[in-house]
Each structure stands twice: as structure tokens, then as C-alpha cells.
Amino acid sequence: MTIEAADRTSFMLIDGRQSDTSAAVAQGVRRMLWSLGIATVCEFVLANGRRADIAGVAADGSIHIVEIKSSVQDFRCDNKWPEYLEYCDFY
């Protein structure tokens, strides 16, 4: 059985910590990245203990990390983003 390309991004870890908005944003971001040739995983744990909402690898080997912000308040109060930078080529 094969999985259609559009469906490959719909497999997500839902553990109760994500809001419906965050889950919907993650699904859309993963579909967009897939269309750009970037394979992704959700909730990827980095060596420093931080969890990347979405981590991806492109065909050229570049590493991409996406941190999802589901509200303006969430965006404004996030000050941990620099802790992701040493683990990716694009943030």
C-alpha cells in the first residue's frame, strides 16, 4: 500500500500539548516544506534538550527547523529561539 504525497505530511504526533491551531499550522507547514523537497518530522528533540516543532532535511543536506507560534502572545514571549540556531542551517 502506498501513501499519496499529500498524505505523508498528515501523520503527526498528537499528545495533547498542541492546540488545534498549532496542529493545523504544523500540517500546513509540513505540506509546504514537502512541496519544496524537504522531508520533515515533528517534535524532534535536539542535543540541548529543546524540541523542534518541525525539523526537516532538504536534498542538499541542509537542516531546517520551524518553531510554530499559534498566537501573537506566544510569539512575543518566546525567547528560547537562539537555542535552536546551532542545530540548523535555516530557522
### Query
Local charge sum around I65 (other residues, Cβ-Cβ under 11 Å, Lys/Arg +1, Asp/Glu -1)?
-3
### Cleavage-rule hits, trypsin sites (Lys or Arg not before Pro), the stretch 17-61, DSSP coil, Cβ neighbours within 10 Å at most 15
R17, R50
### Query
What is the stretch 30-91 by shape, rounded, prolate or oblate, if you read a ≥ b ≥ c off the alpha carbon gyration tensor as root eigenvalues and call it rounded for a/c under 1.5, prolate for a/b larger than b/c, and oblate otherwise?
oblate
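Each reported figure results from applying straightforward, stated rules to the coordinates on display, with no laboratory input. If you're wondering where the values come from, they're calculated on a predicted model, not measured in any experiment. Cβ: placed from backbone, ideal geometry, glycine included. Neighbour counts: every protein chain shown.
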